[in-house]
Ligand SMILES: [Fe+3]
Ligand SMILES: [Mg+2]
Ligand SMILES: [Zn+2]
Ligand SMILES: [Zn+2]
């Protein structure tokens, strides 16, 4: 026998699961092991990191504590397993190649804003990365947007065409360097380059011009958000709609110049995902054309080094890094560069072809965008962040479903479509694909579905879609299922809304939920949208609904709130008043005359439309939910109308409220307060009664109406006052963007 | 009319109503079948159709005219000359004889206009509630000359799509009648036999004509999707080029319907090789049934077989076919 192992040595195997890959975790483990004088190795194994350490028992103990306490900021450890092993007299600590993992269980990291260390280098004139718009390290930079295939190695990214210079190659190989194995490492010598001098971009923006700038997940259209003429030009060239634009500002301190952020808004905006965060705007700080008629404004901080150096240039290229903590009076509209209704432009040539009529200056660079990712959008609801659109910075980080299940592919809804693919206990919810009316969006949805299954190397056992036969996503689900020889499961729209919340909160027991939504096809073939549901183990049951209103003209009624107001007048027995009330609508009399023959809906979204039009606020919408958002913007203090609703056998009826809103002389502001206040009171009473009967103290609140902060906050608070625990959508949108997750979750239990 | 009427009563019914309306030598033989001469040359074309419509009488037509033209047009879309028709009546007990008489005469007139003979038929009376007044099933035989090969699988990328006139007239005329919509009173169903138009088209375009189809149930949207699937191609339409009458637009706007999904009974879609498109269009426009004909799109390569349309606002939307009635999709 050779040397017996030192009896004082111990060896331990540690497995960590959670967000532990693609964030510089292995170099961190390497450094920690070296500091504690331990031998062994660290290796990525599927979705886990496996570590074996050998050394003195005390050192291993300290190492274990450090793993948790000192983990990189982006790490999220959800499971930590330890087991002892026989010491083998190993010397030195190594990072082992990820062996035999393939794509089957690998993770794709999300795109993240520059980390503090990279920012320090970016604005350090002595650094070789000084003002380099494409710097990154293991903890930051582009990832999901540039990955072509797994495993996540440089050769499989858009940086494959950029061979490393000696300095970058050395950093890549040095375990003590922050860029050890940073697949996106690049510098001015060897990396991508912007095709236009910064000075030219700055000059264009200052002159009120529109600039198309290639960002992380696609092109943005940028212009000076304080310049009304620039805004007017952008609106005129992009199309006639009044959709609110997002605005990018230089840094956290600058948020306050343009908005009144709460601590939660500030934290969310400054997070490494750099989403657009909806927050109360500051009157007249921005040109009126940014978010016409709305009180909330979507602000975003620079999502990449490129945007950092752009703001630095806009600030007059100050020395040092202090400017990053000073408020800067610069705000840029940063809206997705897409011809109306079509997916975001990601390619330089495509940008020149399709954005030429919109942008005065088109700025690209030679790093390709592989995966189209819109900006993520986030709001604060009931005091915590709630994602309204999943995109850059969030995708494709999986959600933990808490338990194993079959592999299902869910295709979502027709509007705000997303795709969800499950693998074991993980759910990969795709980026926002958008509305599926255009051939380009149809292609994008297929591309996302194929991309997810292909990248992860999975073949779904089941394909899931909505019950609606004419959603584009339903057709695509049918085609994919037929090609795979797998069955299609059709899930009711609002059951999926509730199931998405159950999935996020990992609730397995029967759950009571209120789906407060636009319209989804109900089990009875009618248009649902204000439903109390019970979901359990893949099944759902309707416990109650709002009193139905006519839906004259189907989807037309969603675009033209005056039609819903006419439906409300009809319920009040005053249909004949519609023509006089809406003199600008030539069809009003004919519509009112046959309103009894129209289909009906229980949708809460359409009730918002009815209220907005009854108050004369908006008769025809330029974009989805415009009327509801404008109504919300008018709220000062929600105030319930006494006896403003009735509750009968599970049916909630706001007829008395509608009667009041229809009364001439009520100002829109009074109406908005009464509408929201009564809605909150009525919904809370309705839900609480059902919860008592159900014998539960928690209730899921889902559906697109929860994007209304007054409603979300007010209803959550009202339910809590009744001793109930409201559960809201957080990581996936409350609206149809979250539908694919709910579909997948329900299907897995089917 | 009485359910279960005996042989004699039925014979009298036929003699008094159908025989005079449909008179021709084959029917006059009084057999349970018609013995027909075999047309010389070409191939036989055979088709069948069931007419169900409410109301039975509508502006521009009635169920009888519809029953004849439905089958006649299906034959004509193959480039065939329709020759013989059979009719089968399912009549609800209590159906007014005067209405039946009117419908029989309408069938006669439509058949004469289309140049076909109703050579055989059948009549059944069912209990009250078992039929919505009257159903008529027709079958027809025509002959297509040798060398003329029109088929739904022949559209090729680059071909042009020509529409013979405005869309939605029939469906909207019916709806307006049913829904009592006063502002569409002058709108009539386009119900017509397309035989003479087809003859002019075949003469003008010859073998460059790939296929024809009448966009009946499901409208232009369903027909183009059918053809795209059959031919394994996509179609790219121009919204501005598709003729829609103002009354049709108004009713569609009111009811939230898409005119492209509404039935037509006297229109056809033709796919033609690009070099013959203008010639064919001119020939169609020279005929009263094709006076408003227009090139509405192009056949494109598309493995997804989508029918897409450039909209008036410059966007592009998918023209899908509906699974059933139009259901709201906006959440
Ligand atoms: Fe929904
Ligand atoms: Mg037919
Ligand atoms: Zn970094
Ligand atoms: Zn380099």
task = Search the stretch B:314-323 for residues being facing chain A (nearest Cβ under 7 Å) and under 21 Å from the mean Cα position of the chain (by Cα), and hand back the single one that is farthest from residue B:253 (Cα to Cα).
result = B:323
request  = State whether the residues of the stretch B:288-297 include one that is more than 14 Å from chain A (Cβ to nearest Cβ), closer than 30 Å to residue A:241 by Cα and crowded, with 16+ Cβ neighbours inside 10 Å.
outcome  = yes
Matching helices (runs of 4 or more DSSP H) fully within the stretch A:539-602 where at least 1 residues are within 39 Å of the chain's Cα centre (by Cα) = A:555-559, A:561-571, A:588-593
query = How many of the residues making up the stretch A:130-139 are within 10 Å of ligand 3 (Cβ to nearest atom) and either surrounded by fewer than 24 Cβ atoms within 10 Å (Cβ to Cβ) or not in a loop (DSSP other than H, G, I, E, B) (or both)?
reply = 1
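Quick grid of which residues meet (1) at pLDDT below 95; (2) over 24 Å from residue A:569 (Cα atoms); (3) within 15 Å of ligand 1 (Cβ to nearest atom):
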site: A:486; (1), (2), (3): no, yes, no
site: A:494; (1), (2), (3): no, yes, yes
site: A:504; (1), (2), (3): no, yes, no
site: A:512; (1), (2), (3): no, yes, no
site: A:516; (1), (2), (3): no, no, yes
site: A:519; (1), (2), (3): no, no, yes
site: A:534; (1), (2), (3): no, yes, no
site: A:545; (1), (2), (3): no, no, yes
site: A:548; (1), (2), (3): no, no, no
Residues of the stretch A:580-596 classified as at the interface with chain B (Cβ under 9 Å from one of its Cβ atoms) and touching a helix residue (DSSP H, G or I) at 6+ places or on another chain (Cβ under 7 Å), total = 4
ask   = Could you count how many residues in the stretch A:108-141 are touching a residue at least 40 places away in the same chain (Cβ under 8 Å) and either within 16 Å of ligand 4 (Cβ to nearest atom) or within 14 Å of chain B (Cβ to nearest Cβ) (or both)?
value = 13
query = How many residues does the stretch A:83-118 hold that are within 25 Å of the chain's Cα centre (by Cα), modelled with pLDDT of 90 or more and crowded, with 17+ Cβ neighbours inside 10 Å?
reply = 6
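Matching residues to (1) in contact with a strand residue (DSSP E or B) (Cβ under 9 Å, 6 or more places away or on another chain); (2) in a strand (DSSP E or B); (3) closer than 27 Å to residue B:202 by Cα; (4) within 16 Å of ligand 2 (Cβ to nearest atom):
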position	(1), (2), (3), (4)
B:38	yes, no, yes, no
B:49	yes, yes, yes, yes
B:55	yes, no, no, no
B:66	yes, no, yes, yes
B:74	yes, no, yes, yes
B:86	yes, yes, yes, yes
B:90	yes, yes, no, no
B:100	yes, no, no, no
B:105	no, no, no, no
query = Being at positive phi and more than 14 Å from chain B (Cβ to nearest Cβ), is that true of even one residue in the stretch A:546-566?
reply = no
inquiry  = Can you name every one of the helices (runs of 4 or more DSSP H) wholly within the stretch A:603-669 that holds 1 or more residues which are surrounded by fewer than 21 Cβ atoms within 10 Å (Cβ to Cβ) and not assigned by TED's automatic domain parsing to the domain that holds residue A:561?
reply    = none
query = Taking the condition over 27 Å from residue A:438 (Cα atoms) and outside any loop (DSSP other than H, G, I, E, B), does residue A:310 pass?
reply = yes
query = Does residue A:142 satisfy being over 29 Å from residue A:426 (Cα atoms), touching a strand residue (DSSP E or B) at 6+ places or on another chain (Cβ under 9 Å) and more than 9 Å from ligand 3 (Cβ to nearest atom)?
reply = no
query = Of the residues that make up the stretch A:487-499, is at least one surrounded by fewer than 24 Cβ atoms within 10 Å (Cβ to Cβ), outside the structural domain of residue A:429 (by TED's automatic domain parsing) and touching a residue at least 40 places away in the same chain (Cβ under 8 Å)?
reply = no
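So that you can scan it fast, the table gives a plain yes or no per residue for (1) buried (at least 24 other Cβ atoms within 10 Å of the Cβ); (2) under 17 Å from residue B:289 (Cβ atoms); (3) within 16 Å of ligand 4 (Cβ to nearest atom); (4) within 14 Å of chain A (Cβ to nearest Cβ):
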{"position": "B:64", "(1), (2), (3), (4)": "yes, no, no, no"}
{"position": "B:75", "(1), (2), (3), (4)": "yes, yes, no, no"}
{"position": "B:90", "(1), (2), (3), (4)": "no, no, no, no"}
{"position": "B:98", "(1), (2), (3), (4)": "no, no, no, no"}
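Conditions (1) assigned to a helix (DSSP H, G or I); (2) in contact with a strand residue (DSSP E or B) (Cβ under 7 Å, 6 or more places away or on another chain), marked per residue:
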residue: A:441; (1), (2): yes, yes
residue: A:453; (1), (2): yes, yes
residue: A:460; (1), (2): no, yes
residue: A:463; (1), (2): no, yes
residue: A:479; (1), (2): yes, no
residue: A:486; (1), (2): no, yes
residue: A:495; (1), (2): yes, yes
residue: A:506; (1), (2): no, no
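The values are calculated or read from the model by the stated rules, or taken from the named source; none is laboratory data. Please read these numbers as outputs of a predicted model, since none were measured by experiment. When we count neighbours, we look across all protein chains shown, and the Cβ atoms used for this are built from the backbone with ideal geometry, even at glycine.
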